[in-house]
Amino acid sequence: MKKQKLGKSDIEVSAMTIGCWPFGGGEYWGEQSQKDVDNVVHAALDMGINTFDTAEMYNNGASEIALGRALKGRRDEAIVISKTGPDNAGRVREHCIQSLQRLGMDYLDVYMLHWPINPLAVKHFTSDISEALPTIEEAYSQLEALKKEGLIRAIGMSNFGRTQMEEVIRTGIQIDVNEMVYNILSRAIEAEIAPYCIENNVSIIGSMGLQQGLLAGVYNTPDEVPAHQARSRHFSNNHGGGDSRHGEAGAEKEIFSTIKQLQKIADDLHVHIAQLAIAWILKKTFMVSTLVGSRNINELKINVEACSLDISDETEQLIDKISRPVLDILGNNPDYYENSLNSRIF
């Protein structure tokens, strides 16, 4: 399993990061037993994956609890990432301590703000936005204090756009990673965010590597996608079960055309479509790791095999070409859940 250094830190992360959102079970992904979590985590470590991504909001803390239990006795083999919401940006230390208590750990390898600090982002975490939002300097100075205290090893951000990254970098605080959605159907970061990260030695860990099952060949039509997983701009606003807020037409025709063509490429290469999707991400030089969820050992094995799949330049370019219509419609705005003109990320 290939590993790369995270930003300017001394942390090395595996090419695949285990996405822990389903851990602990919850409304979004359904139930997941601790036994399955233990099996996936232990097998991942045995296969060379050392990086695990969780957050306090995932299943109301149950994800952190489940991950902590699974890593008991093997903590020193793992790189653990957790996040707190922008609504807690004025109380970072308090929430870091709470995450550590749920995880049963005395330090985090990476701690991030889950979204930028702005009213639109905050309102998705809390209905109470009466308090004045802290400045970037106030929020990130708290993260720097946690690092000096030894409670975290590296500081990160998640879902920060170019302008927002510039604000953080100007504080002079060392930022080692930005976690952003990136996959064949979600390529917005290519335009400005990835080049800026390269320029400033900020690593990118890509989230949603399989676009919640679309790139694993789970669904053949838009109607098969569960409503709560169809709330992004990839889908028509009508497909979100009334919960979509972007108000756009989506790119359903282009997405399923792309998936059909990807399946043909995968068949020709005798690989699973999910493996092709992961290998394409890891082919990109600006990607340090891709975050992929694995609910069981079988899914994990399929995903891990992709990390050693070296696709040709020609295959990469072909996938770039066939997915271009999706990129052209969705554009370079990486906030896939808000209207293109009303984004939390800028």
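The values are calculated or read from the model by the stated rules, or taken from the named source; none is laboratory data. Every value quoted in this text rests on a predicted model; they were computed, and no experiment measured them. Note: ideal-geometry Cβ built from the backbone for every residue, glycine included; neighbour counts use all protein chains shown.
Scanning region 194-215 for residues that are more than 16 Å from residue 289 (Cα to Cα) and either at pLDDT 95 or above or of a type outside the set (Gly, Ala, Ser) (or both) yields 195, 196, 199, 200, 212, 214, 215. Only one entry of 291, 276 meets the criterion of being in a helix (DSSP H, G or I) and closer than 30 Å to residue 45 by Cβ, and that entry is 276. Can you confirm whether region 178-185 contains a residue that is acidic (Asp, Glu), at pLDDT below 95 and out of contact with any Cys (no Cβ under 8 Å at 6 or more places or on another chain)? Among the residues of region 178-185, not one is acidic (Asp, Glu), at pLDDT below 95 and out of contact with any Cys (no Cβ under 8 Å at 6 or more places or on another chain), which makes the answer no.
Among residues of region 131-156 that are farther than 16 Å from residue 98 by Cβ, those with a beta-carbon under 8 Å from a residue that is assigned to a helix (DSSP H, G or I) and of a type in the set (Val, Ile, Thr) at least six positions away or on a different chain give the pairs 133/122; 136/168; 139/92; 140/168.
Before we move on, is residue 248 over 29 Å from residue 35 (Cβ atoms), over 20 Å from the mean Cα position of the chain (by Cα), of a type in the set (Asp, Glu) and surrounded by 16 or more Cβ atoms within 10 Å (Cβ to Cβ)? So residue 248 fits the description; yes.
What is the residue count in region 177-224 for residues that are hydrophobic (A, V, I, L, M, F, W, C), surrounded by 20 or more Cβ atoms within 10 Å (Cβ to Cβ) and under 20 Å from residue 272 (Cα atoms)? The number of residues fulfilling the criteria is 7. Is at least one residue of region 81-97 surrounded by 15 or more Cβ atoms within 10 Å (Cβ to Cβ), part of a helix (DSSP H, G or I), in contact with a Leu (Cβ under 8 Å, 6 or more places away or on another chain) and of a type in the set (A, V, I, L, M, F, W, C)? The answer is yes, given that some residue of region 81-97 is surrounded by 15 or more Cβ atoms within 10 Å (Cβ to Cβ), part of a helix (DSSP H, G or I), in contact with a Leu (Cβ under 8 Å, 6 or more places away or on another chain) and of a type in the set (A, V, I, L, M, F, W, C). Given the condition at negative phi and not in a helix (DSSP H, G or I), answer yes or no: does some residue in region 141-151 qualify? Within region 141-151, one or more residues are at negative phi and not in a helix (DSSP H, G or I). For region 226-242, the set of residues classified as at pLDDT 90 or above, part of a loop (DSSP other than H, G, I, E, B) and either farther than 19 Å from residue 330 by Cα or polar (S, T, N, Q) (or both) consists of 226, 232, 236, listed by residue number. For region 68-122, a residue qualifies if it is free of Cβ contacts under 8 Å to residues at least 60 places away in the same chain and small (Gly, Ala, Ser), and the qualifying residues are 68, 70, 73, 78, 82, 85, 89, 90, 99, 104.
Per-residue answers, yes or no, for (1) in contact (Cβ under 8 Å) with a residue 12 or more places away in the chain; (2) loosely packed, with under 13 Cβ neighbours inside 10 Å:
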| position | (1), (2) |
| --- | --- |
| 305 | yes, no |
| 310 | yes, yes |
| 320 | no, no |
| 326 | yes, no |
| 332 | yes, no |
| 336 | yes, no |
| 339 | yes, no |
| 343 | yes, no |
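Remark: pairs (first residue in region 31-52, in a loop (DSSP other than H, G, I, E, B) and buried (at least 16 other Cβ atoms within 10 Å of the Cβ); second residue acidic (Asp, Glu) and at pLDDT 95 or above; Cβ separation under 6 Å; 6+ apart in sequence or on different chains) are absent.
Among the conditions (1) surrounded by 20 or more Cβ atoms within 10 Å (Cβ to Cβ); (2) touching a helix residue (DSSP H, G or I) at 6+ places or on another chain (Cβ under 9 Å); (3) within 14 Å of residue 158 (Cβ to Cβ), the only one that residue 57 does not satisfy is (1).
Does residue 315 count as at pLDDT 95 or above, of a type in the set (Val, Ile, Thr) and exposed (fewer than 15 other Cβ atoms within 10 Å of the Cβ)? The answer is no for residue 315.
Quick check on my filter: what residues within region 251-263 are surrounded by 18 or more Cβ atoms within 10 Å (Cβ to Cβ) and either at pLDDT below 95 or closer than 18 Å to residue 311 by Cα (or both)? Those that are surrounded by 18 or more Cβ atoms within 10 Å (Cβ to Cβ) and either at pLDDT below 95 or closer than 18 Å to residue 311 by Cα (or both): 258, 259, 262.
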